[in-house]
């Protein structure tokens, strides 16, 4: 009778615990595997960025910084961007993917007064200088 | 309507006075009405900062207005 009771207790109490422990171990293994995969992915991305040519790295730098600036001043109505030849830049896709050497972008500030344009220019200068995107 | 033009230049390296002269020349040729130049770069040599500090107010655009130059660098080397 005692043996039957002990078997029932082992089956009812300890078996689920062991089962839970085994499932936790499996999840832990899965987490370790996924963590290794993320690390490998990040390492491959870093390797890819490291293998860029200087011109490609320069364009990536310009693209990132200009995109952040456009997002930051998107709601400012007095500012618009244009290229050196006067073509407007409405989105980041309009930025030319060419060699370095030209003027990258022109910011045109149009305000009713000169004092207002000075204020907008000062805020824009502070944003770019402190990188407050 | 008041209009103000700012030229924006990106450089992915540490610039020196040669790069500064190149940027000044091409901006003045491309946009005669520019009032300000902002150079966003990784860094700038100490000579660049001293050149801008000494010559601020002496550079004019073809329309006769002074050009203000601003360096926005990741690493400030002006005091090193």
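What follows is calculated from the coordinates using simple rules that are stated; it is not laboratory data. Predicted model, so just to flag it, every value in this text is computed and none were measured. Glycine also receives a Cβ, built like all others from the backbone with ideal geometry; neighbour counts cover every protein chain displayed.
Using only Cα atoms and rounding to the nearest 10 degrees, what angle (0 to 90) does helix B:46-55 make with the longest principal axis of chain B?
Its long axis makes an angle of about 30 degrees.
Using a basic spin-label model with each label point 7 Å from the Cα along Cα→Cβ, how many nm lie between residue B:60 and residue B:74?
3.9
Using alpha carbon centroids, what distance separates segment B:1-54 and segment A:89-114, in Å?
Centre-to-centre distance over Cα atoms comes out at 15 Å.
Please average, across the residues of A:80-91, the number of beta carbons from any other chain that are within 10 Å of each residue's own beta carbon, and give a whole number. Let's see the in-between values first.
Numbers: counts 0, 1, 2, 1, 7, 2, 1, 0, 0, 0, 0, 0.
That works out to 1 on average.
Ratio of Rg to Rh for chain B, alpha carbon only, Kirkwood? Don't skip to the answer; put the middle values down first.
Working: Rg = 12.5 Å, Rh = 12.9 Å.
Rg/Rh: 0.97.
Can you give the angle from 0 to 90° between the axis of helix B:17-30 and the longest principal axis of chain B, with both taken from C-alpha atoms, to the nearest 10?
Taking Cα atoms only, the helix is inclined about 20 degrees.
Considering chain B as a Gaussian network with a 10 Å cut-off on Cα pairs, which listed residue, B:51, B:30, B:21, attains the greatest mean-square fluctuation?
Its mean-square fluctuation being the largest, the pick is B:30.
With all pairs of different alpha carbon atoms counted, what Kirkwood hydrodynamic radius in Å does segment A:91-133 show? If you can, show how the numbers build up before the last one.
Details: mean 1/r = 0.0792 Å⁻¹.
When all Cα pairs of segment A:91-133 are included, the Kirkwood radius is 12.6 Å.
Which semi-axis lengths, in whole Å and largest first, follow from the square roots of five times the eigenvalues of the Cα gyration tensor of segment A:54-130? Don't jump to the answer; show the numbers that get you there.
Working: eigenvalues 113, 38, 24 Å².
Semi-axis lengths for segment A:54-130 are 24, 14, 11 Å.
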